[in-house]
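The values are calculated or read from the model by the stated rules, or taken from the named source; none is laboratory data. All values reported here derive from a predicted model rather than from experimental measurement. Counting neighbours? That spans all protein chains shown, and the Cβs are built from the backbone with ideal geometry, glycine included. Protein only, heavy atoms only, side chains kept; ligands, DNA and RNA dropped before computing areas. Shrake-Rupley method; radii C 1.70, N 1.55, O 1.52, S 1.80 Å.
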Amino acid sequence: MSERTLAIIKPDAVKKHVIGDIIHRYEQVGLKPVAMKMLSMSKSVAEGFYAVHKARPFFGSLCDFMSSGPAVVLVLQGDNAIKKNRELMGATDPAKADAGTIRNAHGTNIEFNAVHGSDSPETAQFEIGYFFPGMEIFN
């Protein structure tokens with residue numbers, strides 16, 4: 001079943017100059033970028049995006065991190081895109097991520113873990129809409 005998911009190449013991975021490697025990994029597993037842009041999130045944009053985590057102890061540091069430098073935001077499309085991307089990303093903590101995953105290869109720790117990906121169809125719909133008006137997405 002073809003679906004769409006949001007992916008973010010976070011500021012730590014952008015700073016490491018691994019954008020191309022990460023996009024290549026998406027394409028190798030059949031995830032086609034159908035929208036992409038580089039942006040610097042303001043703190044308020046990061047807070048709005050991560051509002052679901054507002055009560056969590058890591059919320060402030062996460063928003064500080066996500067607004068610390070440029071990130072690449074993508075819409076990926078493909079069969080079972082959400083599940084496929086979650087598997088490709090690996091565990092949130094890079095130390096626990098399987099070999100060959102993006103977080104194992106490019107993450108530093110649980111906070112600086114290189115990438116974000118939607119965790120459900122409902123989340124993907126919200127996250128894609130947060131960054132991309134419909135006319136910015138291509139088939």
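Cys63 satisfies every condition listed in (1) of a type outside the set (Val, Ile, Thr); (2) under 18 Å from Leu6 (Cβ atoms); (3) not in a helix (DSSP H, G or I) except (3).
Annotation note: of Lys16, Lys54, the sole residue that is in contact (Cβ under 8 Å) with a residue 40 or more places away in the chain and out of contact with any Pro (no Cβ under 6 Å at 6 or more places or on another chain) is Lys16.
Taking the conditions (1) under 26 Å from Ile137 (Cβ atoms); (2) in contact with a Pro (Cβ under 9 Å, 6 or more places away or on another chain); (3) of a type in the set (Ser, Thr, Tyr) in turn, Ser44 satisfies each one other than (2). Quick check: is even one residue across segment 68-79 free of Cβ contacts under 8 Å to residues at least 40 places away in the same chain and of a type outside the set (A, V, I, L, M)? No, segment 68-79 contains no residue that is free of Cβ contacts under 8 Å to residues at least 40 places away in the same chain and of a type outside the set (A, V, I, L, M). Take the conditions farther than 18 Å from Phe131 by Cα, surrounded by 13 or more Cβ atoms within 10 Å (Cβ to Cβ) and either among the aromatic types (Phe, Trp, Tyr) or touching a Phe, Trp or Tyr at 6+ places or on another chain (Cβ under 8 Å) (or both) and apply them to Asp21. Does it pass? Considered against the rule, which asks whether it is farther than 18 Å from Phe131 by Cα, surrounded by 13 or more Cβ atoms within 10 Å (Cβ to Cβ) and either among the aromatic types (Phe, Trp, Tyr) or touching a Phe, Trp or Tyr at 6+ places or on another chain (Cβ under 8 Å) (or both), Asp21 comes out as no.
In the set Ala35, Ala46, Ala124, Ala55, only one residue is open to solvent by less than 10 Å² (accessible area, probe 1.4 Å), among the hydrophobic types (A, V, I, L, M, F, W, C) and not in a helix (DSSP H, G or I); that residue is Ala35.
Selection within segment 127-139: residues that are among the aromatic types (Phe, Trp, Tyr) and part of a loop (DSSP other than H, G, I, E, B). The member of this set that is surrounded by the fewest Cβ atoms within 10 Å (Cβ to Cβ) is Phe138. Across segment 81-121, the number of residues qualifying as aliphatic (A, V, I, L, M), surrounded by 13 or more Cβ atoms within 10 Å (Cβ to Cβ) and without any contact (Cβ under 8 Å) to a residue 24 or more places away in the chain comes to 3.
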